[in-house]
Amino acid sequence: MGMGKNLKFYRDKSGLTQEEVAEIVEVSKDYISMLERDIRKPGRELAKKLADLYGTTVDALLYATIEPNKTFSK
């Protein structure tokens, strides 16, 4: 699973919309959409904000593999 799918997984798990996430981390909804579709990659600062928002680490957010049963592995 790619970074975009991880971002979407954590957003869905948090119960937030793309608009809500965008407002919290101070970017546009379109930018969040591009991140989730792997069109763009977050910079270091945004990755940290998203990890904090979702209660995870930057490594887990960007690099972990989310298995179909929704567990995490490296």
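The values are calculated or read from the model by the stated rules, or taken from the named source; none is laboratory data. Predicted model, so just to flag it, every value in this text is computed and none were measured. Please note: Cβ atoms are built from the backbone with ideal geometry, for glycine as well, and neighbour counts cover all protein chains shown.
Could you give every pair whose Cβ atoms fall below 9 Å, whose first residue belongs to segment 35-54 and is over 10 Å from M3 (Cα atoms) and surrounded by fewer than 16 Cβ atoms within 10 Å (Cβ to Cβ), and whose second residue is small (G, A, S) and at pLDDT 95 or above, counting only separations of at least 6 or pairs across chains?
Sorted first by the residue in segment 35-54, then by its partner, the pairs are I39/S33.
Name the one entry in K13, K5 that is in contact (Cβ under 8 Å) with a residue 40 or more places away in the chain, surrounded by fewer than 14 Cβ atoms within 10 Å (Cβ to Cβ) and assigned to a helix (DSSP H, G or I).
Testing whether each residue is in contact (Cβ under 8 Å) with a residue 40 or more places away in the chain, surrounded by fewer than 14 Cβ atoms within 10 Å (Cβ to Cβ) and assigned to a helix (DSSP H, G or I) leaves just K13.
Can you tell me which residue among A47, A22 is in a helix (DSSP H, G or I) and under 10 Å from the mean Cα position of the chain (by Cα)? Full working, then the answer.
On the way: A22 fails: under 10 Å from the mean Cα position of the chain (by Cα).
Every option except A47 fails the conditions.
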